[in-house]
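Structure record follows, encoded as structure tokens.
The values are calculated or read from the model by the stated rules, or taken from the named source; none is laboratory data. Quick caveat, the model's predicted, so the values are computed rather than measured. Here Cβ is always computed from backbone atoms with ideal geometry, including for glycine, and neighbour counts include all displayed protein chains.
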Amino acid sequence: MDSRRGIQSLVFINKLLILFLIFYKIILNAYELITYREINIVAKTFSNQVLKAKSSAPYFKLKGIDNKIYSINDFQSKLLLIVFMCNHCPYVKAEIKDLVELQAKFVTSDLQIIGINSNDPNYQDEGFENMIKFASSNGLNFPYLIDDTQAVAKSFGAVCTPDPFLFNIDRKLVFHGRITNAAQPDATPTVYVMENNIFKLLHGEDLERDFDPSVGCSIKWKPDS
């Protein structure tokens, strides 16, 4: 009798364990699905073509994370890549390594990258101090400036992060668009769009397209914007 009860108890425990594992798997799958959907919802803002090709780069004068003030006139490179970015966006986090590597491939007399953060400084993980932490943890090798009034983003027509603008030596817009062809933060890029365009321009070649919309998180505008 006792042995039968013992067997029944083991069977019951095994059933409970199986039910627990099934329930755990359901919860895990639901979490992954929710996370995937959240990424897709957040990262579905596309570049707007407000600044047209051959338009002059809007003037700016902003503070960098090194506490220096930078204006667009401080940079004399043949090509100037201005990227509106931030600290928290999954798309920026996914492509920040590409930007660091891109700057490292070119001398600054050929290419200078500038990162501009126009997000509401009060938004979670944004603001000047968090920019410093982000730059340090990602090894930024280019200036990272804060546009706390958001006026510069509006003058460029920037709406998402990242939102890259490439200008020639005359500071005329030659390309506005994506860094790579990766369509999601977890995707592996197969075409390095911006790098290819930079090589073409430095070798005197024409670009097939001057606008190839970037996709990312929306710029977090201030409530009164």
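Among the residues of the stretch 215-223, are any modelled with pLDDT under 95 and over 24 Å from residue 128 (Cβ atoms)? Yes; the residues of the stretch 215-223 include at least one that is modelled with pLDDT under 95 and over 24 Å from residue 128 (Cβ atoms). On inspection, residue 185 does not qualify as modelled with pLDDT of 95 or more and under 15 Å from the mean Cα position of the chain (by Cα). Whether a residue is of a type in the set (Ser, Thr, Tyr) and touching a Gly at 6+ places or on another chain (Cβ under 9 Å) was assessed, and residue 70 passes this test. Residues in the stretch 20-32: is at least one closer than 30 Å to residue 117 by Cα, loosely packed, with under 14 Cβ neighbours inside 10 Å and at pLDDT below 85? Among the residues of the stretch 20-32, at least one is closer than 30 Å to residue 117 by Cα, loosely packed, with under 14 Cβ neighbours inside 10 Å and at pLDDT below 85, which makes the answer yes. Which residue pairs have Cβ atoms under 6 Å apart, sit 6 or more places apart or on different chains, and have a first residue in the stretch 110-124 that is closer than 23 Å to residue 176 by Cα and a second that is among the small types (Gly, Ala, Ser) and in a loop (DSSP other than H, G, I, E, B)? Pairs that qualify, where the first residue is closer than 23 Å to residue 176 by Cα and the partner is among the small types (Gly, Ala, Ser) and in a loop (DSSP other than H, G, I, E, B), are 111/77; 112/77. Is there a residue in the stretch 83-92 that is modelled with pLDDT of 95 or more and surrounded by fewer than 20 Cβ atoms within 10 Å (Cβ to Cβ)? Yes, the stretch 83-92 contains at least one residue that is modelled with pLDDT of 95 or more and surrounded by fewer than 20 Cβ atoms within 10 Å (Cβ to Cβ).
Residue pairs whose Cβ atoms lie under 6 Å apart, sitting 6 or more positions apart in sequence or on different chains, and linking a residue in the stretch 187-213 that is on the phi < 0 side of the Ramachandran plot to a partner that is of a type in the set (D, E, K, R) and crowded, with 17+ Cβ neighbours inside 10 Å, are 193/178; 212/178.
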